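Here's the structure we're looking at; comments come further down.
Only the coordinates and a few stated rules stand behind these numbers; no lab work does. Predicted model, so just to flag it, every value in this text is computed and none were measured. When we count neighbours, we look across all protein chains shown, and the Cβ atoms used for this are built from the backbone with ideal geometry, even at glycine.
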Amino acid sequence: MANPELAIIPRHVAIIMDGNGRWANKRGLPRTIGHTKGVEAVRDTVKAAAAAGVEYLTLFAFSSENWSRPETEVNDLLGLLRKFIRRDLAELHRENVRIRIIGDRAHLKGDILPLLLEAEETTRDNTALTLVIAFNYGSRDEITRAVASIARDVAAGRLRAEDVDAMMIGERLDTSDIPDPDLIIRTSGEERLSNFLLWQAAYSELLFLPDYWPDFDRALFFDALKAYAARDRRFGGLSTKKKAPEAVAG
Ligand code: FPP
């Protein structure tokens, strides 16, 4: 990469796209306009991530808790996701983007699950960016499903309790074939993970930005990559960053 500030590209960036409602409120617009603008930011971000050479981009599109929003807003969000898949799938496929869905698929009604599965199936052999859409996703639900599947295997005698380890739990999460996120970004000034990738975030760098999601764009994405490149990741060990020569001498 020509720009040395971007020398360390995170393999996996995950984003909590927050602030659509506040973006709209600030302008006296209905919340749904904020979500619609949010989809434009999604398009910019997917392009920016692919251009930067990021391998995995996970977007928190709809949480298992979002069903508690007013029905009209839930329908707006589902409608936008449907429209995104219908309108953008062909282009994403052309761009060699692979789509993966994480979240609970068991209780989804209507056409949304078939659409998401079609997007996954159509793009399964693509080799550029993997776009992971977290839909009906909640981390505690995901971990609970993984633990329940282990418990079933232990109860059936297929597995010994003493063989259960962290790797096995990771292999039963929705993200079993996806590396842990290197960088998690949340927009809108809120500083929490809100049940997003809690297991996978063990060593992720967290970046909280003041901007509302509809204002997020390529420039902010590249700024985030620069901020990531300046971080010192230690994974519980010691720093591997080179020290300035005077510091080494001292
Ligand atoms: C948070 O804003 C955003 C969401 C709950 C959903 C994000 C969804 C999209 C951007 C559109 C569909 C997604 C894809 C991948 C096409 P908020 O409503 O919580 O904002 P607020 O906190 O300001 O009220």
- Item | Stokes-Einstein D in µm²/s, Kirkwood radius over Cα pairs - region 132-174 at 25 °C with 0.890 mPa s viscosity | 221
- If you look for lysine pairs in the chain that are eight or more places apart or on different chains, how many of them have Cα atoms under 24 Å apart? 9
- Item | For a label point 7 Å along the Cα-to-beta-carbon line of Glu120, residues of region 49-66 with backbone N under 19 Å | 56-65
- Query: When Lys and Arg each count +1 and Asp and Glu each count -1, what net charge do the other residues less than 11 Å away from Tyr137, Cβ to Cβ, add up to?
  - Reply: -3
- Along each of the three principal axes of the Cα atoms of the chain, give the extent in whole Å, ordering the values from largest to smallest. 66, 58, 34
- Task: Take the alpha carbon gyration tensor of region 114-196, find the square roots of its eigenvalues, order them as a ≥ b ≥ c, and report rounded if a/c is under 1.5; if not, report prolate when a/b exceeds b/c, else oblate.
- Result: oblate
- With Cβ to Cβ distances under 12 Å as the rule, what net charge do the other residues near Arg98 carry (K, R +1; D, E -1)? -4
- Please work out whether region 19-149 counts as rounded, prolate or oblate from its C-alpha gyration tensor, where a ≥ b ≥ c are the square roots of the eigenvalues and a/c under 1.5 means rounded, while otherwise a/b larger than b/c means prolate and anything else oblate? oblate
- Task: Add +1 for every Lys or Arg and -1 for every Asp or Glu among the other residues with Cβ under 13 Å from the Cβ of Ala166, and state the total.
- Result: -3
- According to a simple spin-label model (label point 7 Å from Cα along Cα-to-Cβ), what is the distance in nm between Ile169 and Asn25? 3.6
